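> Supplied in structure tokens, the structure appears directly below.
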Protein chains: 2
Amino acid sequence: MSIDTAPSDLRVPSEVADLVFRAARTVNTFTDTEVTEEQVRAVWDVVRWGPTAMNTLPLRLVLVRTPEGRERLVSHMNEGNKAKTQRAPLSIVVAADLDFHEHLPRLAPHMAGARENLAGQQAARERMSRDNAFLQAGYLIVGLRAAGLHVGPMGGYDAPGLDADLLAGTAWRSIMVLNVGTAPADVEGVPASHPRQGRLDFDEVARTL
Amino acid sequence: MSIDTAPSDLRVPSEVADLVFRAARTVNTFTDTEVTEEQVRAVWDVVRWGPTAMNTLPLRLVLVRTPEGRERLVSHMNEGNKAKTQRAPLSIVVAADLDFHEHLPRLAPHMAGARENLAGQQAARERMSRDNAFLQAGYLIVGLRAAGLHVGPMGGYDAPGLDADLLAGTAWRSIMVLNVGTAPADVEGVPASHPRQGRLDFDEVARTL
């Protein structure tokens with residue numbers, strides 16, 4: 001196929017725009033189909049090329065697979081997020097590494113002294129790591145969907161409690177939890193997703209200067 | 001074409017992964033080719049479907065096109081970002097709307113009272129709008145590249161100065177500036193991009209629990 005011939009201003013096939021954005025839905029119910037390590041590695045191998053400020057790449061992932069790990073994760077989720085997290089084939093704690101600057105001599109060799117300059121600036125590193133991890137989380141959600149997976153992103157959990165437990169011994173700070181798997185069309189009459197909510201139109205979000 | 005037959009764990013054609021991530025580069029030099037309003041609208045019509053917390057959709061855009069608007073934008077950029085911003089066919093000020101909650105009765109009708117609850121919580125709104133605008137910026141960069149455009153994201157500018165000038169009269173706060181256009185292979189021997197920097201491997205960013 002050619003990427004130049006899609007019948008729109010996009011240069012990718014219409015099916016791709018549907019798979020990743022237009023027909024994609026936040027999913028709360030999954031089939032038993034496993035999400036393999038190879039699938040997640042393949043996604044990372046693509047989305048790691050997305051740009052970040054100074055090539056800081058602060059995104060970190062904890063793949064929760066074991067029954068014991070899942071129990072610990074669920075214990076920190078808000079009530080409304082416990083059941084679906086209990087049943088997801090894979091849950092990913094998406095985190096920002098406060099110590100991303102340790103990698104800068106390798107990731108940004110053109111920025112001389114960046115590691116040393118940032119070492120004493122914890123507040124700046126908190127903001128940079130959180131901002132750029134959210135940016136990379138956007139790439140990650142796109143990449144998981146491009147692998148044919150369905151995702152259910154959640155912010156409803158006790159972040160300090162989760163961080164002190166699942167991220168103990170690291171400088172990682174969670175920014176969201178993603179349930180990942182394959183959605184059924186519906187489960188015993190219950191749809192896998194909530195009814196779709198509206199979006200803002202271009203003229204509501206953009207102005208020209 | 002079928003989206004099921006790509007020879008990898010991805011469900012999208014390899015050319016798409018190249019266009020959007022693997023072969024995509026941050027670009028600093030552009031040809032004169034215009035970026036049309038229709039192209040940016042087409043991108044928004046796709047990426048607006050990306051998920052945000054509570055469907056808050058805080059991303060806002062200022063498309064800088066006029067010579068006067070460009071002069072004002074450039075005046076706030078760091079020295080190293082002035083020349084490339086001066087010459088980009090389109091620059092977009094990417095912003096987060098602190099007053100995103102005003103839209104929640106329409107965007108999240110299932111969250112009764114969300115607008116009223118958030119009205120008195122400016123600090124929470126600052127964090128939610130910034131986090132989710134960065135998430136949506138990830139979708140936006142993916143979408144612009146999927147439209148065949150090249151982007152140059154920049155964080156190096158005087159944010160308070162830019163906000164007080166270009167975003168005056170709004171509750172929008174800039175999070176980055178994107179130069180957008182079409183990259184030449186090179187310009188008089190000068191490549192349009194810096195040499196590509198490395199990325200972290202999966203085993204450096206992920207652990208399993």
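> For segment A:148-209, which strands (runs of 3 or more DSSP E) that fit wholly inside it have 3 or more residues that are β-branched (Val, Ile, Thr) and open to solvent by less than 20 Å² (accessible area, probe 1.4 Å)?
Per the criteria, A:172-181.
> Residue by residue through segment A:34-90, note down the ones that are touching a Phe, Trp or Tyr at 6+ places or on another chain (Cβ under 8 Å), more than 8 Å from chain B (Cβ to nearest Cβ) and not basic (Lys, Arg).
A:56, A:58, A:76, A:77, A:78, A:81, A:88, A:89
> Spot the failing condition for residue A:130; the list is (1) under 17 Å from the mean Cα position of the chain (by Cα); (2) open to solvent by less than 40 Å² (accessible area, probe 1.4 Å); (3) within 22 Å of residue B:200 (Cβ to Cβ); (4) at the interface with chain B (Cβ under 10 Å from one of its Cβ atoms), and only one is missed.
(2)
> Still on this model: So which of B:19, B:63 is within 30 Å of residue A:152 (Cα to Cα) and of a type in the set (A, V, I, L, M, F, W, C)?
Going through B:19, B:63 in turn, the sole match is B:19.
> Limited to segment A:147-161, what total is found for residues that are in contact with a Gly (Cβ under 8 Å, 6 or more places away or on another chain) and of a type in the set (A, V, I, L, M)?
Total satisfying the criteria: 1.
> Taking segment B:158-179 as the region of interest, how many residues are touching a His at 6+ places or on another chain (Cβ under 6 Å) and away from chain A (no Cβ under 12 Å)?
2
> I'd like to verify a number: residues in segment A:15-36 that are in contact (Cβ under 8 Å) with a residue 12 or more places away in the chain and over 20 Å from residue B:13 (Cβ atoms), how many?
The total comes to 11.
> Still on this structure, I have one more. How many residues, within segment B:107-118, are more than 23 Å from the chain's Cα centre (by Cα), surrounded by 13 or more Cβ atoms within 10 Å (Cβ to Cβ) and over 17 Å from residue A:156 (Cα atoms)?
Matching residues across segment B:107-118 total 2.
> Now for a separate question. Report whether or not residue A:26 is open to solvent by 10 Å² or more (accessible area, probe 1.4 Å), touching an Asp or Glu at 6+ places or on another chain (Cβ under 9 Å), of a type outside the set (Asp, Glu) and within 11 Å of chain B (Cβ to nearest Cβ).
Taking the combined requirement at face value, the residue does not satisfy it.
> Give the residues of segment B:124-163 that are over 30 Å from residue A:19 (Cβ atoms) and not aliphatic (A, V, I, L, M), sorted by residue number.
B:125, B:126, B:127, B:155, B:156, B:157, B:158, B:160, B:161, B:163
> Same structure, new question: Would you point out the residue of segment A:93-124, among those that are in a helix (DSSP H, G or I) and in contact with a Pro (Cβ under 7 Å, 6 or more places away or on another chain), that is nearest to the other protein chains (Cβ to nearest Cβ)?
A:100
> Among the residues of segment A:27-63, write down those that are among the polar types (S, T, N, Q) and farther than 28 Å from residue B:38 by Cα.
A:28, A:29, A:31, A:33, A:36, A:39, A:55, A:56, listed by residue number.
> Within segment A:12-34, track down each residue that is in contact with a helix residue (DSSP H, G or I) (Cβ under 6 Å, 6 or more places away or on another chain) and of a type in the set (Val, Ile, Thr).
A:12, A:16, A:20
The values are calculated or read from the model by the stated rules, or taken from the named source; none is laboratory data. All values reported here derive from a predicted model rather than from experimental measurement. Note that we place each Cβ from the backbone using ideal geometry, even for glycine, and neighbour counts take in every protein chain shown. Just so you know, the surface numbers come from the protein's heavy atoms only, side chains and all, with ligands and any DNA or RNA stripped out. Shrake-Rupley method; radii C 1.70, N 1.55, O 1.52, S 1.80 Å.
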